[in-house]
Amino acid sequence: MAERGARMLDAPVSGSTVTVREGRLSFMVGGEKTACDAVTPILLDIGARVTYVGGHGQGALMKIATNLNLGAQMLAFSEGMLLAEKGGIPRELAAEVLLNSAIASPMLRYRGPFVLRDPEEVLFTVNMMQKDMLLALEMGRHLDVPLPTTAVANEFLTAARAIGLEDKDFAAMYEALARLSGLAR
């Protein structure tokens, strides 16, 4: 590309349709800094934040580092929900408390309610999330970074796929754990 005078960036986003509607989409950009600076005004027309993270491939690496957190957070949220429910606290009340507590990340706030009903909207499928978790695990091996919570969350994505939830939103990790807990939606 450089031989032909073109420049390239990797500029994945963090967010979903919900984030776009709220005007909070963010870009993590890898490539030449001058190229990033040149397109930042255009990206800011699309999203709220543009962060230059380094050379080519660094944007994609940062996206994977971000997404591994989504899977781990959803698994931990599901565990808390199921512990409360099996202990006698109604599912809706447990969700209300957790989603208004210190653990309520933006992702959990819009995806947490998915554990209360079978959502029609799919923001990011089990299969897509597992692809990113597997990429994270491979990057971790390559960079000698142990990723134990990523590995466990990945196994629950496998469980969700095994029970036929591969095309559901990755919040279906809750359903996989619920079935193992003797609870079903």
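When LEU116, LEU177, LEU183 are checked against the criterion of being closer than 24 Å to GLU85 by Cα, crowded, with 20+ Cβ neighbours inside 10 Å and either touching a helix residue (DSSP H, G or I) at 6+ places or on another chain (Cβ under 7 Å) or assigned by TED's automatic domain parsing to the domain that holds SER16 (or both), LEU177 stands alone in meeting it.
Take the residues in segment 104-137 that are of a type in the set (Ser, Thr, Tyr) and in contact (Cβ under 8 Å) with a residue 40 or more places away in the chain, then tell me which one is nearest to GLY71 (Cα to Cα). Full working, then the answer.
Of segment 104-137, the ones of a type in the set (Ser, Thr, Tyr) are 105, 110, 125.
Next cut, in contact (Cβ under 8 Å) with a residue 40 or more places away in the chain only: 110, 125.
Numbers: TYR110: 14, THR125: 11 Å.
Ranking the candidates gives THR125 first.
The condition of being assigned by TED's automatic domain parsing to the domain that holds MET129 and either modelled with pLDDT under 95 or within 28 Å of GLU138 (Cα to Cα) (or both) holds for ARG111. Contact map, segment 57-79: first residue within 24 Å of VAL115 (Cα to Cα), second residue assigned to a helix (DSSP H, G or I) and of a type in the set (Lys, Arg), Cβ cut-off under 8 Å, separation 6 or more or different chains; pairs are MET74/ARG111. Considering only residues in segment 85-103 that are small (Gly, Ala, Ser) and without any contact (Cβ under 8 Å) to a residue 12 or more places away in the chain, the one that is surrounded by the most Cβ atoms within 10 Å (Cβ to Cβ) turns out to be SER101.
Please pick out the residue among GLU121, GLU175 that is part of a helix (DSSP H, G or I) and acidic (Asp, Glu). Outline the logic, then answer.
Values: GLU121 fails: part of a helix (DSSP H, G or I).
Checking each option against the conditions leaves just GLU175.
Restricted to segment 41-78, and to residues that are surrounded by 15 or more Cβ atoms within 10 Å (Cβ to Cβ), of a type in the set (S, T, N, Q) and over 13 Å from the mean Cα position of the chain (by Cα), which residue is nearest to PRO12 (Cα to Cα)? Restricting to residues being surrounded by 15 or more Cβ atoms within 10 Å (Cβ to Cβ), of a type in the set (S, T, N, Q) and over 13 Å from the mean Cα position of the chain (by Cα), the top hit is GLN58. For ARG24, which of the numbered conditions (1) touching a residue at least 40 places away in the same chain (Cβ under 8 Å); (2) buried (at least 16 other Cβ atoms within 10 Å of the Cβ) fails to hold? In the conditions (1) touching a residue at least 40 places away in the same chain (Cβ under 8 Å); (2) buried (at least 16 other Cβ atoms within 10 Å of the Cβ), ARG24 misses (2) alone. Screening segment 138-174 for residues that are farther than 15 Å from ILE64 by Cβ and among the acidic types (Asp, Glu) and picking the one that is surrounded by the fewest Cβ atoms within 10 Å (Cβ to Cβ) gives ASP144. Can you name the residue in segment 9-19 that is assigned to a helix (DSSP H, G or I) and surrounded by 14 or more Cβ atoms within 10 Å (Cβ to Cβ) and is also modelled with the lowest pLDDT among such residues? This residue is VAL18.
The values are calculated or read from the model by the stated rules, or taken from the named source; none is laboratory data. Everything numeric in this text was worked out from a predicted model, so none of it was measured. Here Cβ is always computed from backbone atoms with ideal geometry, including for glycine, and neighbour counts include all displayed protein chains.
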